[in-house]
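Chemist: Questions regarding the structure given below will be posed in turn.
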Amino acid sequence: GSAYSELVSQARLEFFAKATQYTATYRDTDQLACLDPDKPTVLSGHQPTLFHPGVWFKNFYLSHLGKYLDANVVNIVIDNDVAPARSIQVPEYVDAQHHLNAIVFDTDDAAIPFEAAHVQSTSHFQSFAAKVGQSMGTLIDDPLIHELWPFACKQAEQHGNPYLAIAQARHVFEGSLGLKTWEVPLSDICDTAVFGRFARHLIKH
């Protein structure tokens, strides 16, 4: 029964509230501009996996747009997709030849959504950075994983989700580089009242 414009305004406020609440659970938000419903909003999104340069390009550009446009900038953590294998391919140099070495950060490869994942092997998760560094050997003197992983381990101990821990560690590291963005998981957005009305409308029609 609400007017469309009222629903849009309510959805924006609920979205901003979720982003503010979520981001504040793991990083200092004093340096971030408050989300303002009267400003334009720019969104990006990615799965909560170990990131590659393409992800970082989006996030750096998102932060830049926020400054350039005086806009709200929020990265949506797409945590409803099915998570891939809990491992990455790491280069190593052995016997004068280059190889790829699969290193796991957890032992469970069940096909479940990111949001439902839980650390199955604390020892694998905590030793992941050291194993990556050992595999790389002299290829890279100081892999970024050594700076990123301690906070990921801390977050995994708090809530148990390895993927959210990785995403939160990335976001905190981006903050140390000067990026100013908010983040929120898609699962949190789906928990808002307006999204519930949207879902009921789809079911009904």
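Chemist: Once R0 is set to 30 Å, what does the formula 1/(1 + (r/R0)^6) return for the Cβ-Cβ distance between LEU43 and SER121, expressed as a FRET efficiency to the nearest 0.05?
Modeler: With R0 = 30 Å, the Cβ-Cβ based efficiency is 0.30.
Chemist: Semi-axes of the stretch 87-160's equivalent ellipsoid from the Cα gyration tensor, sqrt of 5 times each eigenvalue, largest first, rounded to whole Å? Walk me through the numbers on the way to the answer.
Modeler: Details: eigenvalues 128, 44, 15 Å².
Result for the stretch 87-160: semi-axes of 25, 15, 9 Å.
Chemist: In nm, to one decimal, how far is the HIS99 label point from the ASP191 one, both placed 7 Å along Cα→Cβ?
Modeler: 4.4 nm
Chemist: Given only helices, namely DSSP H runs of n ≥ 4 each adding -39500 (n - 2.57), what is the per-residue ellipticity at 222 nm of the chain, to the nearest 500 deg cm²/dmol?
Modeler: -15500 deg cm²/dmol
Chemist: Using a Cα-Cα cut-off of under 25 Å, which lysines could be cross-linked to LYS154, ignoring same-chain neighbours fewer than 8 residues away?
Modeler: Of all the lysines, those that pass the test against LYS154 - Cα under 25 Å, at least 8 places apart if same chain - are LYS18, LYS131, LYS180.
Chemist: Stretch ALA111-TYR4 to full length: gain in nm at 0.36 nm per residue minus the Cα-Cα span?
Modeler: 34.7 nm
Chemist: While we're looking at this one, here's another question. Rg to Rh for the stretch 1-93: what is it, with Cα atoms only and Rh by Kirkwood?
Modeler: Taking Rh as the inverse mean 1/r over Cα pairs, Rg/Rh reads 1.06.
Chemist: Write down the Å³ per residue value for the convex hull defined by the alpha carbon atoms of the chain.
Modeler: That works out to 139 Å³ per residue.
Chemist: Further question on the same structure: I'm a student and want to see the number: the projected area of the Cα convex hull of the stretch 34-135, averaged over all directions, in nm².
Modeler: Taking a quarter of the hull surface, the average projection is 9.0 nm².
Chemist: Also, I was wondering about something else. Using Cα-Cα distances under 8 Å and only pairs 6 or more residues apart, what relative contact order does the stretch 87-160 have, in percent?
Modeler: Relative CO of the stretch 87-160 lands at 29 percent.
Chemist: Give, as a single signed number, the net charge of other residues whose beta carbon lies under 14 Å from the beta carbon of PRO162, with Lys and Arg counted +1 and Asp and Glu -1.
Modeler: Taking every Cβ under 14 Å from that of PRO162, the sum is -3.
Chemist: Can you grab the distance from the C-alpha centre of the stretch 10-43 to the C-alpha centre of the stretch 157-205, Å, no decimals?
Modeler: 11 Å
Chemist: What full-extension length gain, to one decimal in nm, is calculated for ASP36 and ALA130 as 0.36 nm per residue of separation minus the Cα-Cα distance?
Modeler: 29.7 nm
Chemist: Report the relative contact order of the chain, percent, no decimals, based on alpha-carbon pairs under 8 angstrom and at least 6 residues apart.
Modeler: Numbers: 276 pairs, mean separation 54.7, N = 205.
The normalised contact order for the chain reaches 27 percent.
No lab work stands behind these numbers, since they all come straight from the coordinates. Computed from a prediction, not measured in an experiment: that's the story for all the values here. In this analysis, Cβ positions are derived from the backbone assuming ideal geometry, glycine residues included, and neighbour counts consider all displayed protein chains.
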